[in-house]
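Contents: one structure, followed by commentary.
No value in this document is a laboratory result; all are computed from the given coordinates. Since we're looking at a predicted model, the values are computed, not measured. Glycine also receives a Cβ, built like all others from the backbone with ideal geometry; neighbour counts cover every protein chain displayed.
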Amino acid sequence: MEEQEEAGVMDERIYVALGRETAKNKSNLAWALDNCEGNKICIVLVHRPAQMIPVLGTKFDAATVDEELVRAYREKQKAKTDKILDEYLRICLRKGVQAEKLCVEMNSIEKGIVQMISENKVRKFIMGAASDKHYSTKMEELRSKKAIFVCQHASATCHIRFICKGYLIHTREARMDEVRALSALLSDFQRLVSSQSSTISDQDSRGSKRKSEEEEEGEEEERTSRTSSSRSASTLSYFGGSEASSSVSVMEEKSNRSSPPSLPCSGMGLGMITFLINSTKLWQRLAIQNHKHCE
């Protein structure tokens, strides 16, 4: 089964994030094409809608400009983005690699990439580790804030390779073991919630049947208690006066206070507590591993 899953992952397309300047991104695209191993390529470009709109030679905030002018200018910018993607596709075609394009619209490039990975269930992803000017033969770490953000926040099932000037700088391995463990925990949680819901439903049905009986028994016990207390008070009054009567009152008050307080977790089963402990440990391990992988 695991071998079949791995084979399925190998057949999936490779997503490659590139920037708007084709000249500065050709080296990274070339590396992706040389290492695609026959897989299809999907070129990803995050398009950020313009926030400053040019009007009569001066740029104004989009919120202060007429909506029609804002829409027209943004459509022109989007058309330019499509042309850039088409240029990348032509490079792939010349290399004999099947490719498609994907434009993601979001104000934040790194958040757009993370969302795209999640929505498309991306398993293999390639992006820049830094601009080419930062490259050196000793470079082994991520220097781009966008790359660091994606490394830390992208889905754990995604295998990410970070490239700079056509060289592989860093690899973040997909962590399937943790994902499977989390999936198992979620299944346990659903089972526990379902079991607890059915238990509560049974308790409510049984409680409604015995409610009238308990009320009748409670009224009978209260009448009996009052009669007994009045007799005891009379007897003590005969033997000890008011001091004996006050002693009985103190004893009754202590007896009423003797019931233990309810604990915060008293309604929580052992299975639910175990689930919370295990899930907390797993999330901590994932956070630590993300930090180590992206240092």
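How much net charge surrounds Glu75 when only the other residues with a Cβ under 15 Å from the Cβ of Glu75 are counted, with Lys and Arg +1 and Asp and Glu -1? Write out the running numbers ahead of the final one.
Working: positive: Arg48, Arg71, Arg74, Lys76, Lys78, Lys80, Lys83; negative: Asp66, Glu67, Glu68, Asp82, Glu105.
Once all neighbours under 15 Å are counted, the net charge is +2.
Determine, for each peptide in 143-149, 50-56, 87-93, the mean count of other beta carbons within 10 angstrom over its residues, then list the peptides with the highest first.
Working: 143-149: 18.7, 50-56: 12.9, 87-93: 15.9.
The most tightly packed comes first, giving 143-149, 87-93, 50-56.
Label points 7 Å out from Cα along the Cβ direction at Asp82 and Arg206: separation in nm?
Those two pseudo-labels are separated by 6.6 nm.
Using a Förster radius of 35 Å, what is the FRET efficiency between Leu168 and Glu75 based on their Cβ-Cβ separation? Nearest 0.05, please. Mind showing how you got there, number by number?
Working: r = 38 Å, r/R0 = 1.07.
After rounding, the FRET efficiency stands at 0.40.
Can you figure out the FRET efficiency of Val55 with Lys24, using R₀ = 25 Å and their beta-carbon distance, to the nearest 0.05? Write down the numbers at each step before the final one.
Details: r = 30 Å, r/R0 = 1.20.
That gives a FRET efficiency of 0.25.
Would you mind getting me the FRET efficiency between Glu67 and Ser118? Use the beta-carbon distance for r and R0 = 35 Å, nearest 0.05. The partial results should precede the final answer.
Values: r = 31 Å, r/R0 = 0.89.
About 0.65, to the nearest 0.05.
Work out the charge dipole of region 68-174 with +1 on the Cβ of Lys and Arg and -1 on the Cβ of Asp and Glu about the Cα centre, then indicate which of Ala147, Ile91, Cys103 is farthest towards its positive end.
Towards the positive end, the residue furthest out is Ile91.
Along region 146-154, what does the Karplus equation 6.51 cos²θ - 1.76 cosθ + 1.60 (θ = phi - 60°) give for ³J(HN,Hα), rounded to whole Hz, x for Gly and Pro?
Taking θ as phi minus 60°, the curve returns 5, 5, 5, 4, 5, 4, 7, 10, 5 Hz for region 146-154.
Can you order the peptides 96-103, 77-84 by their average number of other Cβ atoms within 10 Å per residue, highest first? List each step's numbers first, then the result.
Working: 96-103: 15.2, 77-84: 13.5.
For the peptides 96-103, 77-84, the packing ranking is 96-103, 77-84.
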